[in-house]
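The values are calculated or read from the model by the stated rules, or taken from the named source; none is laboratory data. All values reported here derive from a predicted model rather than from experimental measurement. For neighbour counting, all protein chains shown are included, and Cβ atoms are generated from backbone atoms with ideal geometry for every residue, glycine included. Just so you know, the surface numbers come from the protein's heavy atoms only, side chains and all, with ligands and any DNA or RNA stripped out. Shrake-Rupley method; radii C 1.70, N 1.55, O 1.52, S 1.80 Å.
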Amino acid sequence: MPTDPVIEVAGVTKTFAGVRALDDVDFTLHRGEIHALVGENGAGKSTLIKVLTGIHTPDGGRIRRNGRISTIYQEVNLVPLMSVAANLFLGREPRNRIGLIDRARRDAEAAELLKSYGITADVSSPLGTLAVGEQQMVALARAVEADADVVIMDEPTSSLEPREVETLLEVVHKLHEAGIAIIYVSHRMDELYRICDTVTVLRDGKNVHSGPLKELPRIELVSLMLGRSVNEIQKHGTTAFGEDHHADTRPVLEARNLTSRPRINGVDVTIRPGEVVGLAGLLGSGRTETAKAIIGALPLDDGTVLVAGTPVPRNVKAATRAGISMLAEDRKTEGIIPNLSVRENIVLAALPRLSRFGVISRKKQDRIVDTFVKRLRIKVSSPEQKVAELSGGNQQKVLLARWLCTEPRILLLDEPTRGIDVGAKAEVQALIDELAREGLAVMLISSELDELLDGADRLVVLRDGAVAGELEGAQLTREHVLAAIAAEVMDDADSH
Amino acid sequence: MTLTATRTRWLQDNGVYVAVGALLLFNALFTANFMTLGNFTTQLVQAAPVLIVALGMALVIGTEGVDLSVGAVMALAAAIIPLYLGAGPVPAILMALVAGLAAGAFNGFLVARVGIQPIVATLALLVGGRGLALVIANGQLVPLHDPAFLALGTDDVLGIPISVLIAGLLALTIAGLTNRTTFGRQLVAVGGNRRAATLTGLPVNRVLVGVYAICGVLAAIAGVLATSRLAASDPADMGLLMELSAITAVVVGGTPLTGGKVRVLGTVMGVVLMQLVRATLIKHNLPDSIAQMIQAAIIVAAVYVARERR
Amino acid sequence: TSRESPQTAASGGPAASAAQQQSAGPGCTRSRTGYPQVDVKGATVGFSQSEKEANPFRTAETQSIRDEASKKGVNLLVTNAQSDLNKQISDIKSLLDRGAKLLIVAPLNSDGLQPAFDAAKAKQVPVITIDRKVTSQPCTDYLTFIGSDFVEQGKRAAQQMIKATGGSGKVAILLGSSGNNVTVDRTKGFKDGIANSGLQVVAEQTAEFDRSKGQAVMEQLIQSNPGITAVYAENDEMGLGAVTALKAAGKTPGKDVKIVSVDGTRSAVQLVADGSYTAVIESNPRFGPLAFETLEKFARGDEIPQSIVISDDEYDTSNAAQKLGNAY
Amino acid sequence: MTTLTAATRTKVLQRQGAAVALAVMVVVSWLTFPRFGSLDNLRDLALQGSFLAVIALGMTFVIITGGIDLSVGSLYALGGVLAAWGSQHGFLTALLLPLVVCGGIGLINGLLIARTNMAPFIVTLASLLFARGLLLAITDEGANTYQVVPDSAFVELGRGTVAGFGYPIFIAAALCVLGGAILNRTGFGQNVFATGGAEQSAILMGVPVARTKVLVYTMSGTLAGLAGALTAAYLQSGVTVIGVGTELDAIAVVVIGGTLLTGGMGTVLGTVIGVGLIKVIQNVINQIGTLDSNYQSVVSGVFLLIVVVLQRILRR
Ligand SMILES: Nc1ncnc2c1ncn2[C@@H]1O[C@H](COP(=O)(O)OP(=O)(O)OP(=O)(O)O)[C@@H](O)[C@H]1O
Ligand SMILES: Nc1ncnc2c1ncn2[C@@H]1O[C@H](COP(=O)(O)OP(=O)(O)OP(=O)(O)O)[C@@H](O)[C@H]1O
Ligand SMILES: [Mg+2]
Ligand SMILES: [Mg+2]
């Protein structure tokens, strides 16, 4: 099938303050192919894409583009304050006779278009009011509608639900049939093998392999990415979770009747020490809200949170002091402090503990930072590096470290492995396991069903901001969860 | 990393020191009677109140805010001094500082609790504060005669004028506060990403109110020192346009207006640079028109060098 | 606006008791203007002040108008333009709107009040401008101007300076705010006045009519020009700032360095009396009696001169102690 | 990805917040002060507001891109001086000279901000100084005030009236309508919102962010120059002492009108309402008449505070 190349890259090098993100990379994309771009966190995938699209100028090398490129970037890159329709059509709005933007037509076309992506939100409301996954779909629709010869997708499914992933893959398929070339970046192996023709593996900024994907066994692909031998990797399964944990008897966290209309409505969750409770549900089912409600970041209409039987005042500071920690879903706006160094980001929440009379001990800081950089294998040139310069996955580890060094009793993890490569993902999962074993109460929110099924001891399924069911033990199967979640899909079908 | 990149980075971090050095060199060569102890003392004494205000401003800017009311707070402090000077300098100064604290805390309350954007929140006090000062003082300039109070502005310790000493000590304190304390690091985190800081459980509101309160107190201290030096309480003119001088000095010193970073030594150097620029322009007797245009050019040049690269 | 420009201690004439010099030129009568007769007693009179009453000159000026108004049984409306020219225009229009039949205006600036004068003209309301002369037409745009001649003030400051220094030495000028015509006139008068003497201007820098800026600028100048023997300050406030700076630099103001300024505030005149200041050219703000007297004359149909320029008093070491009571 | 809570409702309330405040102010003033509603007073209110509205229109665009323009006060004064000087050479010179020069300074502001990543606050602060210096330089340190040639067409531009309402009112109104249309109905307007809403995203979405910024500051400078020219025509002279602190007035009215200082959201209508509010407050202070001048700024400050706090509360 490969015909003439639409993108040709030869010997491209790109260096950021001290980090060689791309090192003499060759890369060719042919017309009509779906090309997987894989590699560990920080391997240089996003950087390569930004070089391709002209956002970054390479330090050296040659790039030949042979057509229009349209891109969905890793972090949703839309304008939250503008309306959904405005975002969708920014730069190519329908005009009326005298050349002014025809807003009515724009909104109508936007609503029409989004319906084919399964989104029924009000297109005239600000984009920021949509759930993250919906925003991702809007970005997808925008990129696909741009009439491009090449569509680049940088981890498009990382915030999508199974149902939406299907929609997305259908779209990819249609694009493929229309002869459009696609670069597809993902850490999810299943997807890659389902849709991609060819693969390029980056490691430490170098292209270590390019070739057809189907002929490459999964295990070998992983070994190429990690630079470790196949044997070494074979020890692990799909996830790195071990056996079920043996939880204590008395719950350490009891959340009762959490209500913040209209997003959540009377959610009850209890977690015992040493237990991992998963929250399952569709996009917008209120999982993030539940976590935020527990940590006190969401104004509540009703509800109480008890830690070890004592009510916690409704603010983040009090919750943190009571031992609750939350790893936020959106690390860019709710997690990292971009200007600060890795060290300062890690110790931030633990500062009061590391200081006397408000004066911080640098030695204690360095010790803690050192420990966590090693334990979580955070890839940094030095702890003084700015956290904004790290790859997404490494930023996520920094945030995990921030919470772990406060020595919490309850850890709320909202999509902790989103955008993390296979290696790091296994590490994080193993870590969650280990933490639970050490007696921590963990709440795990994940859009990956496998992760929930393997990782959680018990699953709370949310639907429309209310608990739709709890699954435990033998009920923890794909079918049961889907059935619990799917009720909504049925309802939807009925009402149509 | 290439050599030019290293050099650019170095210049970006140290541009303000280079500029101060260059200006000193220029003056040493071309300005009569510049290299005298008396002259340096004069420059430092004149810079001291600006520096004190700029230190507070640097903290506020570090939280991604700005305080336009500092000049008005200086005027308030000035207006309060004569009311209590009868009871002695200490109560008078304390009352002035309390006023600064109250004004700052009020700003902080508006920003942190009510959620008003800093420029607008402090604009209200910029507009109303000086009026209030004039109301308190009945619109009058009051000459002051209390020798102990006036000594603040005229005396020195081991040859260092008291106001310069105070400014220096405050600079050290603020440097320690930002770099070495929990409060300082929380402040920078709040400025770097307020939502993340909130979700991390930092006492965001307390930090914000604290920062504006500190800024208010520092402005009041500057008002007290300037009043003592002038030997008169002059609420109509005290600290006029001080907010712009202070912001300029802070930014020229390399603290970005986008928050998340505070450079205390840079701020000191920014103040010194702007003071030297003013002194140079006056000493060379340039007309006001040229002087203003040169100041504009120097501000742009200094900030250009220190700007954050994309 | 939210920020007032620094005080311009713009000035006026001498004490109301001082002798008047009536300027030449055709006078203005009511019949020439065709305006109706308005009895001052019981009339509604508007006064538009230009700046906050936050300096002695403005305070005394407004007070003088108020005092005289109540003496004459006048219903006085007062506005304050807060140093905003556009606001002064609306102030004057609103005074007219609120029924003022006679207007006294202390203009913020010599230029730019034309729209306000036109509005008054349309309503046949006579306008007396005080303390600052405007560039519009007397008798048509406004009735007359009462105040002093700033150029003359500068000249007289120069004479005092020549007298005190013996006509030689190095002078520094502390200028008022840039762009202000009081600054321009007082500078011109002073420079003209010293033109044929041995006085040499070595520095002229703005200190914006402000005491602390006067102090700061003087500190700089005395460092770079230690040979300065005289300072001309365009208002008392800057002069007072210079005194503090000179003392700190180890000079004796009034002796080593002569200081002359314009205004006649109590603090400055007191220093002259004490001997640490050379001379003050007065600018008296008490326009009330003269302004209402002029309005009465106009009502009677008398001829009003184009401008009523008042001979300024002056304070030097010989008379400051006796005349201290005249200072404001 | 920023999530908003009920942002739609917010937007409407925000706009209404200022409008409601204005309506209340007007009704109360009308009832309290019989002179407030007089035609003369309303005409003057509108005229005084029109100059500020022209400046604030440019500021609205700048603030929506997430920037700020402190130079407008100085450019306003400079524009007036240039127009008065230019009026010796005919109508077109008088009108175009200030637009070109002030627009040029705005262009430089824009280029410095867009191309060098310097903070708008500091760049425009420098041009505030620069423009003031330039003004002093061309007026011989303020000694020269240029007069507008009397009875010229240019004077008519500032002094002419329709039904007693001055031309500047109609010019300002037309510009605001045009500005509103540009903001909401053109690609440039969308770029302005995108630039201020999320600059990095806008760049990735292919919005010409740099060009948008340059245009916006050029526009702001040009409009400030135009306001200066209109003022000069109205005052019949190029007054040097105007415009001090006008930038803060302009910022205040834009923010009162509900435009977010952080960018990404705002309306021209809101700005017009903000201008109305400020001018009505000023007018009311005059109507009260007996207020000590020192109290006047206290009252203005308190009013400003009440309006922004109310708006903030309404927004919740
Ligand atoms: N703007 C930047 N400044 C400095 N370093 C950067 C910058 N952007 C990327 N890097 C560095 O370049 C390397 C490659 O980063 P990149 O974002 O391309 O990784 P990635 O393969 O997309 O990883 P992930 O799977 O986590 O998204 C990383 O080490 C990162 O720290
Ligand atoms: N109508 C809405 N109004 C305000 N915010 C919304 C609205 N819909 C979604 N959001 C925001 O979008 C984010 C995701 O929504 P939600 O928490 O309900 O989804 P979720 O179940 O956590 O799914 P996921 O975590 O996969 O996005 C939340 O932060 C929520 O605040
Ligand atoms: Mg990436
Ligand atoms: Mg979520």
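List of remarks:
- Distance between the pseudo-spin-label points of A:ALA104 and C:SER276 (7 Å out from Cα toward the beta carbon): 8.1 nm.
- Buried solvent-accessible surface, both chains (C, D), 1.4 Å probe, Å² to nearest 100: 2900
- Ordered by solvent-accessible area of protein heavy atoms (1.4 Å probe), largest first, the residues A:HIS480, A:HIS35, A:HIS176 come out as A:HIS480, A:HIS176, A:HIS35.
- Kirkwood Rh and Cα Rg combined as Rg/Rh, segment A:362-411: 0.96
- Farthest positive-ward along the protein assembly as shown dipole, Cα basis, beta-carbon charges - from B:GLY184, C:THR229, B:LEU51: C:THR229
- Cα gyration tensor category, rounded, prolate or oblate, for segment D:214-297 with a/c compared to 1.5: oblate
- Heavy-atom accessible area order for C:PHE292, B:PHE30, largest first, 1.4 Å probe: B:PHE30, C:PHE292
- Here the average projected area of the convex hull drawn through the C-alpha atoms of segment B:162-310 stands at 10.9 nm².
- Legend: calculated FRET efficiency, B:LEU29 to D:LEU39, from the Cβ-Cβ distance at R0 = 51 Å, rounded to 0.05, equals 0.15.
- Cut-off under 5 Å, modelled amide H: who pairs with D:GLY160 long-range: D:TYR167
- Length added when fully stretched, A:HIS480-A:ARG95, from 0.36 nm per residue minus Cα-Cα: 133.6 nm
- Segment C:89-100 - phi-based ³J(HN,Hα) in whole Hz, Karplus 6.51/-1.76/1.60, Gly and Pro as x: 4, 5, 4, 5, 4, 6, 4, 4, 4, 7, x, 5
- Table column - 3J(HN,Hα) (Hz), segment C:180-196, Karplus curve with 6.51, -1.76, 1.60, x for Gly and Pro: 9, 6, 4, 4, 4, 5, 5, 5, 4, x, 5, 5, 4, x, 9, 3, 9
- Per-selection Kirkwood Rh - the protein assembly as shown (Cα, Å, 1 d.p.): 34.9
- When Rg and the Kirkwood radius Rh are both evaluated on Cα atoms of segment D:86-137, their ratio Rg/Rh stands at 1.10.
- For peptide C:219-228, the mean count of partner chain Cβ atoms within 10 Å of a residue's Cβ comes to 6.
- Amide N proximity, segment A:333-360 versus B:ARG206 label position 7 Å along Cα-to-Cβ, cut-off under 17 Å: A:348-360
- The listed residues D:ILE278, A:ILE98 rank as A:ILE98, D:ILE278 when sorted by accessible area, largest first, using a 1.4 Å probe.
- Extending 7 Å from Cα along the Cβ direction at D:ALA23 and again at A:ARG188 yields two label points whose distance is 5.0 nm.
- Note on the protein assembly as shown: antiparallel DSSP beta bridges, both residues inside, total approximately 45 percent of the bridges counted.
- Chain A contacts chain D over a buried accessible area of about 2500 Å², both sides summed; the probe is 1.4 Å and only protein chains count.
- Only helices enter the 222 nm calculation for chain D: every DSSP H run of n ≥ 4 contributes -39,500 (n - 2.57), and dividing by all residues gives -25500 deg cm²/dmol, rounded to 500.
- Where only DSSP H runs of four or more residues are counted, chain B gives -25000 deg cm²/dmol as its mean residue ellipticity at 222 nm, each run worth -39500 (n - 2.57).
- Isotropic mean projected area of the C-alpha convex hull, segment A:338-382 (nm²): 3.4
- Over chain C, volume per residue of the alpha carbon convex hull, in Å³: 116
- Distance from the C-alpha centroid of segment C:105-153 to that of segment A:88-150: 62 Å, rounded to the whole angstrom.
- For segment C:138-225, the set of GluC sites (Glu not before Pro) satisfying both a DSSP loop assignment and a count of at most 10 other C-beta atoms within 10 Å is empty.
- Per DSSP, loop trypsin sites (Lys or Arg not before Pro) in segment A:141-227 with at most 12 further Cβ within 10 Å: A:LYS214
- At 0.890 mPa s and 25 °C, Stokes diffusion of chain A via Kirkwood alpha-carbon radius, µm² per second: 102
- Spherically averaged projected area in nm², based on the convex hull that wraps the Cα atoms of segment A:76-133: 4.0
- Peptide B:186-196 has a mean shielding of 6, counted as Cβ atoms of other protein chains within 10 Å of each residue's Cβ.
- With both labels modelled 7 Å from their Cα along Cα-to-Cβ, the D:ARG211 to B:ASP13 distance reads 3.8 nm.
- Under-5 Å amide H pairs with C:GLY264, H placed in peptide plane, nonlocal only: C:ASP236, C:SER283
- Mean residue ellipticity at 222 nm, helices only, chain C: -11500 deg cm²/dmol; runs of at least 4 DSSP H residues each add -39,500 (n - 2.57), and the sum is divided by the number of residues.
- Note that the protein assembly as shown presents 35 Å² accessible area per residue, ligands and nucleic acids not counted, probe 1.4 Å.
- Surface calculation, 1.4 Å probe, protein heavy atoms: D:VAL244 sits at approximately 50 Å² accessible.
- Percent RCO, i.e. relative contact order, over segment D:40-315, from Cα pairs under 8 Å lying at least 6 residues apart: 36
- Summing Lys and Arg as +1 and Asp and Glu as -1 over all other residues whose Cβ lies under 10 Å from the Cβ of C:THR135 gives a net charge of -1.
- Area buried, chain D against chain B - accessible surface, total, 1.4 angstrom probe, square angstrom: 3600
- Carbon and sulfur %, accessible surface of segment A:372-478 computed with the full protein complex present, 1.4 Å: 48
- Long-range amide H partners of A:PHE16 with built H, under 5 Å: A:ALA21
- For D:VAL62, net neighbour charge (Lys/Arg +1, Asp/Glu -1) across residues whose Cβ lies under 12 Å away: -1
- The eigenvalues of the Cα gyration tensor, multiplied by 5 and square-rooted, give segment A:277-417 an equivalent ellipsoid with semi-axes of 27, 19, 12 Å from largest to smallest.
- The protein assembly as shown - Cys residues lacking any other Cys C-beta under 4.7 Å: A:CYS196, A:CYS405, B:CYS215, D:CYS102, D:CYS176
- With one equal scatterer per alpha carbon and no solvent term, the Debye-computed log10 I(q)/I(0) for segment A:50-187 at 0.13, 0.18 1/Å reads -0.59, -1.06.
- Share antiparallel - DSSP beta bridges, chain C, percent rounded to 5: 15
- Relative to its Kirkwood radius, the Cα radius of gyration of segment D:40-315 gives an Rg/Rh of 0.97.
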